[in-house]
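The structure appears right after this line, and notes come after that.
The values are calculated or read from the model by the stated rules, or taken from the named source; none is laboratory data. Treat the numbers as computed from the prediction; the structure is a model and nothing was measured. Neighbour counts are summed over all protein chains in view; Cβ atoms, including those assigned to glycine, are modelled from backbone coordinates with ideal geometry. Protein only, heavy atoms only, side chains kept; ligands, DNA and RNA dropped before computing areas. Shrake-Rupley method; radii C 1.70, N 1.55, O 1.52, S 1.80 Å.
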Amino acid sequence: MTNPLLAPWATPFGLPPYDRIEDDHWMPAAEAVIAEARAAVEAIAANPEPPSFDNTIAALEMSDEGMGRVFGAFYAVASADSTPARQSLQRDFAPMLSAYTSWVIGNRALFERIDTLWQSRETLDLDPEAARVLMLTHRRFVRAGARLEGAQAERMAEIRARLSVLGTQFSQNLLADEAGWTMQLSPEALASLPAGLRSAAKSAGGENGPVITLSRSLVVPFLQYSPDRALRKKAFEAWTARGMNGGETDNRAIAAETLRLREERAKLLGHGDYAAWKLETDMAGDPQSVRELLHAVWEPARAAAEADAAIYEEMLRADGHEGPLEPWDWRYYAEARRRAEHEIDDGTLKPYLQLDRMIEAAFSVAHRLFGIEAREIEAPLYHPDARAFEITRDGAHLAVFIGDWFARPSKRSGAWCTTMRQQHRMGGQEVRPLVLNVCNFAKPDAGEAALLSFDDARTLFHEFGHALHQMLSDVTWESISGTSVARDFVELPSQLFEHWLEVPQVLREFAIHAETGAPMPEALMEKMLAANFDQGFATVEQTASAIVDLEFHCGPAPADPMQRQAELLEEIRMPRAIAMRHATPHFAHVFSGDGYAAGYYSYLWSEMMDADAFEAFHETGDPFDPDTARRLEAHVLSRGGSEEAGVLYERFRGATPSVEALLKGRGLAA
Ligand SMILES: [Zn+2]
């Protein structure tokens, strides 16, 4: 029997042959592609020719093509449709991959070739993109410890291996805690909820009757709508206890060990702490710049939230409840106030925000801006809910876009964009990307239209913005293509794309009532768009998480992260009725891997730019201004990480904007 992963993929557009892949194909394929990559790297290191860009840097870029293919296919399915077998593979792959990385980084002969090229870079006559790839490759090796020797190099490899095991365990524990909890709804509890939520609760419970699960798209609306304070408390406590329920799935010790090892790694590399090491390559550059941003946002947000809390506490009293406003009350009273003051609620909006129409809206906006077209295609995918589209421009193939929008217990929570293949043209051959958007929208009962909240629709647009960054990529080298940019720049395309969901002409065309087919009434639309609502809350929960993440990685690692978290929240005077958007035991951004470690602030950093970037369209009087769209694509969306983020942005827009744009956008400016 041949392993379909190792045979040529005779599928449309080279998609992974999911219809023929069995779980026991993954391990032999993983072993084979790692061995293949090792052999390629060995050949580079042993090359008797003196090092050149082609025989070293370019060869290295192409050495792990097979790994990209197999692991790209694996991690897409492992995150979106996990099974015990796939979880076990993830646990096995983590140390294999980190051992491979350690072996590459520790290969002296290889690093000497890279270092020689770097030292002689002025004489190599490289084009700017190649020069950038040389710089990034050299930097990546140095930052991973290529200059360490002996016991220090060994310790670095141990730390890398252990961190990858911890990150995998952290996500799997979280998934287990999320999948392991449901709350049955009585007929009365169900009847008190709006129709869309009733249907989602029924669909989630199946034949066992309606339930609330810990999926954000169910538990958040439940907290908004359920008048039953005791049930809200129960749901909220379960939701915020993810990863801290004791026993085998508890993440607290994992978080502590992770922080300790990150600090040790940074010290081995000669940095004072992890944040200093991590932020060195981001736009922010150092912890102090991040701290300044977060504190500039924090105080106005906290003041706005405290003013709102006073209003909600009055409402709580009027309902005859004792005691202070609690975190499980906030969303409920905010929603009640929104209904009262703005005569608008998610239940009224939702029928106008159909998933299928919102997908069309995202495609339509991208068509108007960048001329791309989307056409649904038949393709072997890993789950029946996932859908594939061919993306073309002027008839030419651009990418395959896969949308996997519905929640299920086998999917990790949140929403993300990933690729099974990135754009590049190494070796002179144009390779176009396979891009995946994964969300967790509540799945409706069979035969009913899937309806979104405005937040869900925003998430859909957000992830599609990341997808565009991949699909419009136009560079030579894979390591700098698409979203391979500084972490605090990567949210610019995604957050920018969200703005088009608020363009009235888009809503007029696509916000169509699921039953009547009528467009959203203008008055409702105006209210929805005017409601810069509860931004104190949203900003506080997000900024608190960013502050805790940053401070965890500054100075000595906390022995007890939960205690340190409590101290930090105390220091910033966290409003008592608001919880962190992600508390430590379920802060997957920070602990499932280190991508967003000391980097959760990135969303806010990018937000300084997205408001300003959208303003560039506004200034022309046309939200689809072709010339501005062309410049956005030419200087940002197509360029990947081919230059420093600040340079790309300034070429599009002039200067880098300040925090004022962010505060203004959130209605928090003084
Ligand atoms: Zn994002």
(request) Pick out the one residue from A37, A85, A76 that is in a helix (DSSP H, G or I), open to solvent by 20 Å² or more (accessible area, probe 1.4 Å) and among the aliphatic types (A, V, I, L, M). (result) A85
(request) Could you check how many residues of the range 206-249 are closer than 17 Å to R581 by Cβ, of a type in the set (D, E, K, R) and in contact with a helix residue (DSSP H, G or I) (Cβ under 8 Å, 6 or more places away or on another chain)? (result) 2
(message) Against the condition closer than 27 Å to R232 by Cβ and modelled with pLDDT of 95 or more, how does H553 come out, does it pass?
(response) no
(request) Could you look through the range 323-365, keep only residues that are basic (K, R) and buried (at least 16 other Cβ atoms within 10 Å of the Cβ), and pick out the one that is farthest from P521 (Cα to Cα)? (result) R331
(request) Scan the range 96-121 residue by residue and report those that are surrounded by fewer than 16 Cβ atoms within 10 Å (Cβ to Cβ), hydroxyl-bearing (S, T, Y) and assigned to a helix (DSSP H, G or I). (result) T101, T116
(message) The conditions are (1) within 30 Å of Y332 (Cα to Cα); (2) assigned to a loop (DSSP other than H, G, I, E, B), and L604 fails exactly one of them. Which is it?
(response) (2)
(message) Can you say whether S481 is more than 16 Å from the ligand (Cβ to nearest atom), modelled with pLDDT of 95 or more and either open to solvent by less than 40 Å² (accessible area, probe 1.4 Å) or touching a Leu at 6+ places or on another chain (Cβ under 6 Å) (or both), as far as the supplied structure shows?
(response) yes
(message) Checking the condition within 16 Å of the ligand (Cβ to nearest atom) and either without any contact (Cβ under 8 Å) to a residue 12 or more places away in the chain or on the phi > 0 side of the Ramachandran plot (or both), which residue from G414, G320, G427 passes?
(response) G414
(message) Among the residues in the range 17-33, are any of a type outside the set (K, R), out of contact with any Ser or Thr (no Cβ under 6 Å at 6 or more places or on another chain) and under 27 Å from R139 (Cβ atoms)?
(response) yes
(request) Would you be able to say whether some residue in the range 459-469 is closer than 27 Å to V400 by Cβ and either more than 14 Å from the ligand (Cβ to nearest atom) or assigned to a loop (DSSP other than H, G, I, E, B) (or both)? (result) no
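Every residue, every condition in (1) in contact with a strand residue (DSSP E or B) (Cβ under 6 Å, 6 or more places away or on another chain); (2) within 16 Å of the ligand (Cβ to nearest atom); (3) in a helix (DSSP H, G or I), yes or no:
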{"position": "A446", "(1), (2), (3)": "no, no, no"}
{"position": "D455", "(1), (2), (3)": "no, yes, yes"}
{"position": "V475", "(1), (2), (3)": "no, no, no"}
{"position": "V485", "(1), (2), (3)": "no, yes, no"}
(request) Select the helices (runs of 4 or more DSSP H) contained entirely in the range 168-227, then report the ones holding at least 3 residues which are in contact with a Lys or Arg (Cβ under 8 Å, 6 or more places away or on another chain) and either touching a residue at least 40 places away in the same chain (Cβ under 8 Å) or over 22 Å from R338 (Cα atoms) (or both). (result) 195-205, 216-225
(request) Go through the residues of the range 521-533 one by one and say whether even a single one is in contact (Cβ under 8 Å) with a residue 12 or more places away in the chain and either hydroxyl-bearing (S, T, Y) or under 22 Å from L214 (Cβ atoms) (or both). (result) no
(request) Kindly check whether there is at least one residue in the range 88-96 that is over 28 Å from the mean Cα position of the chain (by Cα), within 22 Å of V142 (Cα to Cα) and aliphatic (A, V, I, L, M). (result) no
(message) Checking the condition in a helix (DSSP H, G or I), modelled with pLDDT of 90 or more and farther than 17 Å from H469 by Cβ, which residue from D627, D610, D622 passes?
(response) D627
(message) Go through the range 10-23 and report how many residues are of a type outside the set (A, V, I, L, M), touching a helix residue (DSSP H, G or I) at 6+ places or on another chain (Cβ under 8 Å) and either in a helix (DSSP H, G or I) or open to solvent by 20 Å² or more (accessible area, probe 1.4 Å) (or both).
(response) 2
(request) Please enumerate the residues belonging to the range 75-109 that are more than 21 Å from R162 (Cα to Cα) and touching a residue at least 60 places away in the same chain (Cβ under 8 Å). (result) A76, V77, A80, D81, S82, T83, A85, A109
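Table: residues versus (1) open to solvent by 30 Å² or more (accessible area, probe 1.4 Å); (2) polar (S, T, N, Q); (3) at pLDDT 95 or above.
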| residue | (1), (2), (3) |
| --- | --- |
| P210 | no, no, yes |
| R216 | yes, no, no |
| S226 | no, yes, yes |
| R229 | yes, no, yes |
| T249 | yes, yes, yes |
| E264 | yes, no, yes |
| K267 | yes, no, yes |
| W298 | no, no, yes |
(message) Among the residues that make up the range 526-544, is at least one of them farther than 20 Å from A301 by Cα and open to solvent by less than 30 Å² (accessible area, probe 1.4 Å)?
(response) yes
(request) Run down K202, K233 and say which single residue is at pLDDT below 95, over 30 Å from L279 (Cα atoms) and surrounded by fewer than 23 Cβ atoms within 10 Å (Cβ to Cβ). (result) K202
(message) Residues to consider are A195, A151; find the one that is farther than 30 Å from E248 by Cβ, over 20 Å from the mean Cα position of the chain (by Cα), open to solvent by 50 Å² or more (accessible area, probe 1.4 Å) and modelled with pLDDT under 95.
(response) A195
(request) Collect the residues in the range 441-467 that are touching a residue at least 60 places away in the same chain (Cβ under 8 Å) and more than 25 Å from M525 (Cβ to Cβ), keeping them in residue-number order. (result) K443, D445, A467
(request) Working only within the range 170-192, note down all residues that are closer than 30 Å to I254 by Cα and either open to solvent by 40 Å² or more (accessible area, probe 1.4 Å) or more than 25 Å from the chain's Cα centre (by Cα) (or both). (result) A176, A179, G180, W181, T182, M183
(message) Regarding the range 488-501, can at least one residue be identified that is open to solvent by 10 Å² or more (accessible area, probe 1.4 Å), of a type outside the set (S, T, N, Q) and away from the ligand (no atom under 16 Å from the Cβ)?
(response) no
(message) Need the failing condition index for G621 against (1) touching a Phe, Trp or Tyr at 6+ places or on another chain (Cβ under 7 Å); (2) of a type outside the set (S, T, N, Q); (3) open to solvent by 10 Å² or more (accessible area, probe 1.4 Å), just the number.
(response) (1)
